[in-house]
Each structure stands twice: as structure tokens, then as C-alpha cells.
Amino acid sequence: MKRVLQFIEKFDKTDEFGYRPSNYYGGVFWPLYENEGAGCSAFSMSILHLAGFSMEELEKWKVEVKLPMTLIGGKLNNGKKVKFREVIETDQWYVGQGLPGKDYISFSTYDPSLLYKWINLELSKNLNDVKNKNNVSLNNMPVMEIDYSDKLISENAPIFISRPEPHIFINYFFSNRNSKK
């Protein structure tokens, strides 16, 4: 809990540029990367990670896609304008090898429906065979309680790390944010 509270405190603290990561909402952000905001699912997953879930466990609920460059507009794609109709009529993500940044942009997010399905699957199992899981109901909504109190989490491990690989959307966000200072 101490690490979760440290995370929330820094996530909501003004940084050296006068910005608070908590003010920035978006699916491309990962809040455990330094000074990034979060979407609702990423924020929830980061709390679970700090509470003891491994990143491998969280990957079960992650969706990775290739956004076709035909749907990317503005300064990230030579000023191209993308009509809303083009987005609505697109029925698949980019398929194939292609070149990142030219043919597609990789994008990943956590899908709450995958987590919901996982919870229902776990609840449908014989709970006597599933260690530390208890079936709980909240307003007739299935809820699963997991006891991770026996997990050893290093208090010295960094909460925030640098983004290991650049991402075009994040780079664009930071360049615009810092240039407005």
C-alpha cells in the first residue's frame, strides 16, 4: 500500500514543467513511466502492478494493434486530414509487416472487457481449487477478491521508470507540452 500511495502522490504532483501527470488522460500513456498521464485502464493496471501483480499477469488483459497510417492525421502524418467517416468505415487494424511510422503506428491498451471475462472465468472454476480467491458479490456484479498479502515487493524498486522505447504519440505530446512553457 505504501508504494501505491507514493505512486498516487507523485502522479498528482506538479513536475518541473508545471504539469501534473494526472491532468493528462489518454490510452497511449503508461502512468508508471516518468511524467506520463494515464487512461483509466492503464491507471488501474499500474495500481495492480504496484500491489503485486506481475507484468506477465497484466499482459492477459492487454490488446496490441497496429493503427494504419491512413487513420493518422495532422502533424504526425504530413498534415493529412482524416475524415470521421474514414475512421467509422475502417473495419480492421493494419495487417502485415510494413514499416512502423510509415505504414502503421503500434498501439497497446488494457481492455476492461478482457479483465471482466477473466474474472468470470476464474469465478466459474471450483473456487476450492483456486488459492487465495474468494467469490464476492457487489450489487449482483461478480467481484473477485485476491489476497496478495504474502507477496514480497521490494520497497527499493523504483515506482517510475523511463519509457524504454520511444513512441510517436508520447514524443509528440512531450514536445508540444514542453514547447508551450
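Does G39 satisfy being crowded, with 16+ Cβ neighbours inside 10 Å, under 30 Å from K102 (Cα atoms) and of a type in the set (G, A, S)?
yes
Those residues that are open to solvent by 40 Å² or more (accessible area, probe 1.4 Å), more than 14 Å from the chain's Cα centre (by Cα) and among the aliphatic types (A, V, I, L, M), I need them from region 108-123; list them, please.
Result: L121, single match.
Considering each residue of region 80-99, count those that are outside any helix (DSSP H, G or I) and either more than 21 Å from G27 (Cα to Cα) or open to solvent by 50 Å² or more (accessible area, probe 1.4 Å) (or both), and give that number. Walk me through it before giving the result.
Applying the first criterion (outside any helix (DSSP H, G or I)) to region 80-99 yields 80-83, 90-99.
Restricting the remaining residues to those that are either more than 21 Å from G27 (Cα to Cα) or open to solvent by 50 Å² or more (accessible area, probe 1.4 Å) (or both) gives 80-81, 83, 90-99.
Residues meeting the conditions: 13.
Looking at S44, S22 in this structure, which one is in contact (Cβ under 8 Å) with a residue 60 or more places away in the chain, surrounded by 13 or more Cβ atoms within 10 Å (Cβ to Cβ) and either touching a helix residue (DSSP H, G or I) at 6+ places or on another chain (Cβ under 9 Å) or over 16 Å from N171 (Cα atoms) (or both)?
Being in contact (Cβ under 8 Å) with a residue 60 or more places away in the chain, surrounded by 13 or more Cβ atoms within 10 Å (Cβ to Cβ) and either touching a helix residue (DSSP H, G or I) at 6+ places or on another chain (Cβ under 9 Å) or over 16 Å from N171 (Cα atoms) (or both) holds for just one of S44, S22, which is S44.
What is the residue count in region 1-49 for residues that are part of a loop (DSSP other than H, G, I, E, B) and not hydrophobic (A, V, I, L, M, F, W, C)?
So the count comes out to 18.
Take the residues of region 51-79 that are assigned to a strand (DSSP E or B) and open to solvent by less than 70 Å² (accessible area, probe 1.4 Å): which is modelled with the lowest pLDDT?
Within region 51-79, the subset assigned to a strand (DSSP E or B) is 62-68, 74.
Now narrow it down to the ones that are open to solvent by less than 70 Å² (accessible area, probe 1.4 Å): 62-63, 65-68, 74.
Working: K62: 94, V63: 94, V65: 93, K66: 95, L67: 94, P68: 95, G74: 90.
My answer is G74.
Any idea which of N126, N132 is modelled with pLDDT under 95 and open to solvent by 70 Å² or more (accessible area, probe 1.4 Å)?
It is N126.
The values are calculated or read from the model by the stated rules, or taken from the named source; none is laboratory data. None of these values were measured; they are calculated from a predicted model. Cβ coordinates were reconstructed from backbone atoms using ideal geometry, including for glycine residues, and neighbour counts include every protein chain displayed. Ligands, DNA and RNA are stripped out before the accessible areas are found, and what is left, the full protein with its side chains, is counted by its heavy atoms. Shrake-Rupley method; radii C 1.70, N 1.55, O 1.52, S 1.80 Å.
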